[in-house]
Amino acid sequence: MESAILGTSPSEIVVAVFLKGLSSRPQVLRYSARVRDAASAVLETENLDFDPEEALGYALPGFHRSKTCKGLNLSDGKIDSAHIYWNHESLRFDDWVP
């Protein structure tokens, strides 16, 4: 089980995912607060049990469908969410926005 935290500032939104516990260095994703509202940003888990080609019309690089693993959803309630998943090809977190 991994832990993820959300950090915000006036200029950016940061998602830090700890793969090996909170005492290890996290993988970090950064988003501009000019695009998303940092004041209303929310990070939640989301289901990865779907086929991107069927749902989106295209494949997601390194995406693996899973009934048990979860992805992350970064939303501000104003623009489309960033959907964060583990990219099995690049071995890092990646995202897609509808």
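For this structure, a couple of remarks:
- Reported label for calculated P(r) over Cα pairs in 5 Å bins from 0, in percent given (1) 3, 13, 23, 25, 19, 14, 4, 0; (2) 2, 13, 25, 23, 15, 10, 6, 4, 1, 0, 0; (3) 2, 13, 20, 18, 14, 11, 9, 6, 4, 2, 1, 0, 0: (1)
- With contacts taken as Cα pairs under 8 Å and at least 6 residues apart, the chain reaches a relative contact order of 20 percent.
- Taking the C-alpha atoms of segment 27-79, convex hull volume expressed per residue in Å³: 116
- As a proxy for reagent exposure, ranking HIS83, HIS64 by other Cβ atoms within 10 Å from fewest up yields HIS64, HIS83.
- Gaussian network model of the chain, springs between alpha carbon atoms under 10 Å - residue of ASP76, ASP37, ASP49 with greatest fluctuation: ASP49
- Packing-based order for 67-73, 54-60, using average beta carbon neighbours within 10 Å, highest first: 67-73, 54-60
- Footprinting exposure proxy ranking of TYR85, TYR31, fewest other C-beta atoms within 10 angstrom first, gives TYR31, TYR85.
Readers should treat all values here as calculations from the given coordinates under stated rules, not as data from a laboratory. Since this is a predicted model, take the numbers as computed values, not measurements. For neighbour counting, all protein chains shown are included, and Cβ atoms are generated from backbone atoms with ideal geometry for every residue, glycine included.
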